[in-house]
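To start, the structure under review is shown below, and the notes come after it.
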Amino acid sequence: MTQQLIYALPKAELHLHIEGTLEPELMFKLAQRNKIKIPFASPEEIKKAYDFHNLQSFLDIYYQGANVLQNSEDFFDLTWEYLRRVHQDNVKHVEIFFDPQTHTARGIPFETVITGIKQALDKAQREYKMSSYLILCFLRHLSEEEAFATLNQALPFKHWIKAVGLDSSEIGHPPQKFERVFKQAMQEGFLSVAHAGEEAPADYIWQALELLKVQRIDHGVQCINDDKLIDYLKDKQIPLTVCPLSNIKLKVFHSMQEHTLKKLLDKGLCITINSDDPAYFGGYINQNFQTAAENLHLTKAELITLAKNSFKASFLPEHEKTQHIEKINNLTLST
Ligand code: HPA
Ligand code: ZN
């Protein structure tokens, strides 16, 4: 029952790193195609290495995996595989993160990365009527200066990029470090989001809101310890893009039963469910819905709210949000 409802609900995915959709099979294929050495003899060996104990232990493997991405065609294949996969999950709109610095640091031009991704997004619009926006993420373990350089590289492709974001190693790299870069990005017309309160305390969420002036918080689950922040997120309806399977794999919570997303939903926050890095964390968006639903006993009404929130929290124009939400209303009337 639940599985059918989850499938039937049209959804938007708002927290998805395209580099995190690199499945072991594609990693292996691209390593061979591009003659890149990887320390694994088969896709099965790659899968066995995915044993993480925190965010950093994941990031080390994730950046290493991205080395096989060399040409525009590779970025196209990567993105198309993801879009094809989530079309099967009834995803109608995606807002995709990409990490240009992971690639430019290896000598891959910004243009190579973005043109490959964009061609796949255009194909999904044509073939699936799936809409999309791109979000450029700065790697927070790198310097402010490097973030500024990346922002400048992005300017010729401004019309393809909706927002900027902030990801990578959180603790020790607070949002404050990027206040000036985000200000400049805003002046260039970009919207903004930031990973905050994934592993680091609630103060990082306050900084993202007050200094970076973000429209959404990615993860944000550490808000649970700050009542004032919870009230603020509720009053302003600032969305949290929550990623249940990611949080369990990276041991933010010990088990899915301990995940706080239902508590936050009950408190009236605008919570969405997303997959983060599905090739590494064991499931795409519907699997995240399913595992959360089973372990937290989410009701049908809560699943509907989560799907509606995904559009409400998106950067789509209001009339498109309304159209998607109307479709959910019509669907629930007929089931
Ligand atoms: N957190 C921070 N950086 C990331 C993540 C994440 O969950 N996934 C990919 N880069
Ligand atoms: Zn993320």
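The values are calculated or read from the model by the stated rules, or taken from the named source; none is laboratory data. Computed from a predicted model, the values in this text were never measured in an experiment. Positions of Cβ are generated from backbone atoms using ideal geometry, with glycine treated the same way; all protein chains shown enter the neighbour counts.
Restricting attention to region 155-192 and to residues that are surrounded by 19 or more Cβ atoms within 10 Å (Cβ to Cβ) and of a type in the set (S, T, N, Q), the residue that is nearest to L211 (Cα to Cα) turns out to be S192. For region 137-148, state whether one or more residues are more than 20 Å from the chain's Cα centre (by Cα) and without any contact (Cβ under 8 Å) to a residue 24 or more places away in the chain. The answer is yes; a qualifying residue exists. Only one of the listed residues (P43, P10) is crowded, with 17+ Cβ neighbours inside 10 Å and at pLDDT 95 or above. That residue is P10. Each residue in region 13-40 was checked for being modelled with pLDDT of 95 or more and either among the hydrophobic types (A, V, I, L, M, F, W, C) or more than 16 Å from ligand 2 (Cβ to nearest atom) (or both), and 18 of them qualify.
Counting only helices (runs of 4 or more DSSP H) that fall entirely inside region 13-113 and contain at least 2 residues that are touching a residue at least 12 places away in the same chain (Cβ under 8 Å) and more than 20 Å from S246 (Cβ to Cβ), the qualifying elements are 24-33, 43-48, 72-87, 100-104.
Checking region 186-200 against the condition returns a match, with at least one residue being free of Cβ contacts under 8 Å to residues at least 24 places away in the same chain and away from ligand 2 (no atom under 16 Å from the Cβ). Would a scan of region 230-244 turn up a residue that is out of contact with any helix residue (DSSP H, G or I) (no Cβ under 7 Å at 6 or more places or on another chain), surrounded by 21 or more Cβ atoms within 10 Å (Cβ to Cβ) and assigned to a helix (DSSP H, G or I)? Scanning region 230-244, I find no residue that is out of contact with any helix residue (DSSP H, G or I) (no Cβ under 7 Å at 6 or more places or on another chain), surrounded by 21 or more Cβ atoms within 10 Å (Cβ to Cβ) and assigned to a helix (DSSP H, G or I), so the answer is no. Of the set (1) out of contact with any Lys or Arg (no Cβ under 9 Å at 6 or more places or on another chain); (2) within 24 Å of I304 (Cα to Cα); (3) within 16 Å of ligand 1 (Cβ to nearest atom), all apply to Y7 but (3). Is it true that H103 is in contact with a His (Cβ under 8 Å, 6 or more places away or on another chain) and surrounded by 21 or more Cβ atoms within 10 Å (Cβ to Cβ)? It is false that H103 is in contact with a His (Cβ under 8 Å, 6 or more places away or on another chain) and surrounded by 21 or more Cβ atoms within 10 Å (Cβ to Cβ). Within region 251-276, restricting attention to residues that are among the charged types (D, E, K, R) and not in a helix (DSSP H, G or I), the residue that is farthest from ligand 1 (Cβ to nearest atom) is K267. So, A279, is that one modelled with pLDDT of 95 or more, assigned to a helix (DSSP H, G or I) and more than 16 Å from ligand 1 (Cβ to nearest atom) or not? When the stated conditions are applied, A279 does not pass them.
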